Every structure is written in C-alpha cells, then in structure tokens.
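The values are calculated or read from the model by the stated rules, or taken from the named source; none is laboratory data. Because the structure is a prediction, the values reported are computed rather than measured. All Cβ positions, even for glycine, are placed from backbone atoms using ideal geometry, and neighbour counts span all protein chains on display.
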Amino acid sequence: MNNDLHKLQPYPFEKLGQLFQGVTHNGDRRHIALSIGEPKHTSPAFVKQSIIDNIDKLAVYPSTKGIPELRQSIAQWADKRFALDAAGLCPNTQVLPVNGTREALFAFTQVVADRTHIDGLVVSPNPFYQIYEGAAYLAGMTPHFLPCQPENQFIPDYDAVPESVWRRCQLLFLCSPGNPTGAVTDAATLRKLIALADEYDFVIASDECYSEIYFDEAAPPVGLLQVCNSMGRTDFKRCVVFHSLSKRSNLPGLRSGFVAGDADILADFLKYRTYHGCAMPVQHQLASIAAWNDEAHVQENRRIYQQKFDSVLSILDGVLDVQRPDASFYLWPKTPVTDTEFARGLFQQQHVTVLPGQFLSRTVDNINPGENRVRMALVAPLDQCIEAAERIKHFVQS
C-alpha cells in the first residue's frame, strides 16, 4: 500500500463524530446542522429538467475534455464575471470541465508535483480545505501552512514567508473567499503572488468555489484570472482557478465545475484525467450549460444568504465575537470556552451542530489558528438558521 496514506488525518466530520461519542443530546429539539457546508437552497428547476430531457445520453461515453458547448458557456461566463479581455478564455485550451472542485484539486496536485525534488512544498492557508493537505502527501510533497489570523484580516502574511519556503514551493493554494473565514484576497496581494510565482517558478491554484456568494452586488470578489488579465497576462502563465456549481447554483449533487487558466498546464492535466477516468456524464454537462447561462437564480441565492446573515448576526450581536465575512456562507466566531467544549456542549444542550475550528487547522510553531473558533455554515433554511442562532444565544448565556 501507499505508505503516504498513513499521513492522512481523519476528515473533520470524522473527528466531530468522535467528539460526540457518548453525548446524549436534547431529544425535545430538532437537530439543526451548521457544521457541513452543503447548500440546502432549492436547486434550479430548469437544471433538473435538463437532466430529464437528456437522460438518453446515458448511452453515450462522455469525453474527458467535455463537449464544446459546455466549454464555451464556461468561458463566456468567466469572461463576463471577471472582466477578461475581448479575447477572453480560449474554450479549447484554457477551460476544462471537472466533476466538482474536490476531485479536481486533488488530481491537479498529482499533475503539478515534480517528484525529482524530494523537498517540494505545497503551500496553503491555515485553516484550510483538507483536500490540499491530503493531495500534497499523496503526491509525495510536504504541506506548508500559513496562518490566517484576524490581525491580517484572515489572509496569510505572505511578506513573512521566508525565501527558503518560496524556493521549495511547487504549488500555492489560495482559497478566496476563504473556507472557513470568508476572507477575500485583494488584487494587490494577488499581483504580489503572481510576481513570486514568476520569480520562484511555482503554480498558483486558486480555489474560488465561494466566489458567487457575496453581499454587495456592485463589488463581487476579485479572481486570480481577473488580476492576470489586468496585468496583460492573457496566457495566465502559472495560474489556474477552480470553480463549481455546488455553491453558486445549489447543485452539490451534480458534481460539476471547471478548471481554467494556463493552457500548457491544462494540457498536462487533461492527459492525466484521460487516464484517471473522470469524464463528466453528458447529461450533467448539458445541465451545467443551463446553469452557467443563467444568473437570475444566483442573484436570488445571494439574496437568501444576505437575509440569513442579517438575521443571525442581529441575534448573536453582543453574544459572540463574530463578524460578517467578506463573502461565502460561513461564520467564524470566537468561542468563550475551547472550540471542542463549545461544540460538544452546544450539541448536548441545544442539538445544534457546529464544527470546531481546530479540526480545520494544523498546529504550527505551537499555534493552531482555528483553536477557540467554530465554523457555522448558514446553509439551513432561514427559519432554522434563526432558531439555531437563538439556541446558540441561550447556550452562551447559560
């Protein structure tokens, strides 16, 4: 067996299950889960209908590269959303459909890894999406974590990273808007990172799957390719982005997203995926076209999240140290006791589930930036989010 499998930690929800072992919750209250970032808003009816209308495509082998119409619709969406030049993304060479960003982030790391350098690093934020760490280990590389602290608006302090780390870096993961912090990396920081990638020859992989959940319609989060374009880098050298329909369109079960950017890198990624056997079913590709071509349902999605944040934050004001994030659907409050004690007690007394921050982070230099924080995913219906907030308030005050 691959010995690197032993380096993998249990997934955060496995740790949560272990934390709750032997705990008897309040059976008089319905369970409200704020722990898992699974969108619960209604999936667009026209996407469901597209799958039904094209169910006969089950008899067709899908191509790894995806049908041209899907790549075209993705390119058109990205060009408009991120204000790319008239030329925009090339659908044939700079766009590749994937089965959600989770599998793509993992597979992409295997492609980028240069195993001739035994000391290669995958640099990522801390806290982080655990796929970054697992993909690094199973690609034969070592994860290197950069703390996301409130004094730096939950963005890593890239100026504090020593040159020795950049020299060993093969892949830099960004997550903007961040999971779990909701912090957005600004354009100036992205320009700085692009310059570092050029200087030290590493790849930037920007996980932007929360980019369409934000609060100001006039100020959407900036994207990596958008900054490349503003610098005249229309080849997007060393830069790739990952997007998904899961959060944008409430379609986590469709397993549909895309990778876009540097054509040379994507050519190798396509080669890998051809052997990997991960082509998206044709009926899902056609349904994805319908989703990428429509913005009305996405705007409505943002309106509902805005309503939930307004309601929940008004209840928790003065109860917890918590702020509205830049974007995403998470809250990242500080806890008055340890994060594990808070999560366990809240589940036991109020039957509300949240995720301890330390489960999403790693301890580096005796500091775990997730300790004494919890992640709350406001994905449940509005009435349940309001009820959960009231229960949390009661729990804290007790």
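Residues in segment 144-158 that are free of Cβ contacts under 8 Å to residues at least 24 places away in the same chain and surrounded by fewer than 20 Cβ atoms within 10 Å (Cβ to Cβ): how many?
Looking only at that region, the number is 4.
Evaluate the following for ASN126: is it surrounded by 18 or more Cβ atoms within 10 Å (Cβ to Cβ), within 30 Å of LEU378 (Cβ to Cβ) and either of a type in the set (D, E, K, R) or not assigned by TED's automatic domain parsing to the domain that holds GLU371 (or both)?
So ASN126 fits the description; yes.
In the same structural domain as SER176 (by TED's automatic domain parsing) and under 30 Å from ILE304 (Cα atoms): is that true of LEU16 in this structure?
no
Would you check if ASP85 is assigned by TED's automatic domain parsing to the domain that holds CYS175, in contact (Cβ under 8 Å) with a residue 60 or more places away in the chain and exposed (fewer than 15 other Cβ atoms within 10 Å of the Cβ)?
yes
From the residues in segment 236-281 that are in a loop (DSSP other than H, G, I, E, B) and without any contact (Cβ under 8 Å) to a residue 60 or more places away in the chain, which one is surrounded by the fewest Cβ atoms within 10 Å (Cβ to Cβ)?
If we take residues in segment 236-281 being in a loop (DSSP other than H, G, I, E, B) and without any contact (Cβ under 8 Å) to a residue 60 or more places away in the chain, then GLY277 is surrounded by the fewest Cβ atoms within 10 Å (Cβ to Cβ).
Could you check GLN283 against (1) under 24 Å from the mean Cα position of the chain (by Cα); (2) closer than 30 Å to TRP77 by Cβ; (3) of a type outside the set (Gly, Ala, Ser) and say which number it fails?
Evaluating GLN283 over (1) under 24 Å from the mean Cα position of the chain (by Cα); (2) closer than 30 Å to TRP77 by Cβ; (3) of a type outside the set (Gly, Ala, Ser) leaves (1) as the failure.
Based on this model, can you work out whether ASP28 counts as in the same structural domain as GLY232 (by TED's automatic domain parsing), outside any helix (DSSP H, G or I) and exposed (fewer than 14 other Cβ atoms within 10 Å of the Cβ)?
no
Kindly indicate the residue of segment 105-120 that is under 25 Å from the mean Cα position of the chain (by Cα) and in a loop (DSSP other than H, G, I, E, B) and also surrounded by the fewest Cβ atoms within 10 Å (Cβ to Cβ) among those meeting that condition.
ASP114
Restricting segment 31-52 to residues that are small (Gly, Ala, Ser) and part of a loop (DSSP other than H, G, I, E, B), which is farthest from SER256 (Cα to Cα)?
Checked segment 31-52; the qualifying residue farthest from SER256 (Cα to Cα) is SER35.
Could you list all residues from segment 363-378 that are crowded, with 23+ Cβ neighbours inside 10 Å and over 14 Å from LYS15 (Cβ atoms)?
PRO369, ARG373, MET376, ALA377, LEU378
If you take the residues of segment 318-362 that are in contact with a strand residue (DSSP E or B) (Cβ under 9 Å, 6 or more places away or on another chain), outside any loop (DSSP other than H, G, I, E, B) and among the polar types (S, T, N, Q), which of them is surrounded by the fewest Cβ atoms within 10 Å (Cβ to Cβ)?
THR340
Quick check: anything in segment 282-296 under 24 Å from LEU346 (Cβ atoms) and crowded, with 21+ Cβ neighbours inside 10 Å?
Among the residues of segment 282-296, not one is under 24 Å from LEU346 (Cβ atoms) and crowded, with 21+ Cβ neighbours inside 10 Å, which makes the answer no.
Out of curiosity, is LEU286 assigned by TED's automatic domain parsing to the domain that holds PRO180 and of a type outside the set (Lys, Arg)?
Answer is yes for this residue.
Under 7 Å between Cβ atoms, at least 6 apart or on separate chains: pull out the pairs that start in segment 218-235 with a residue that is in contact (Cβ under 8 Å) with a residue 24 or more places away in the chain and end on any residue that is among the basic types (Lys, Arg).
VAL227/ARG191; MET231/ARG191
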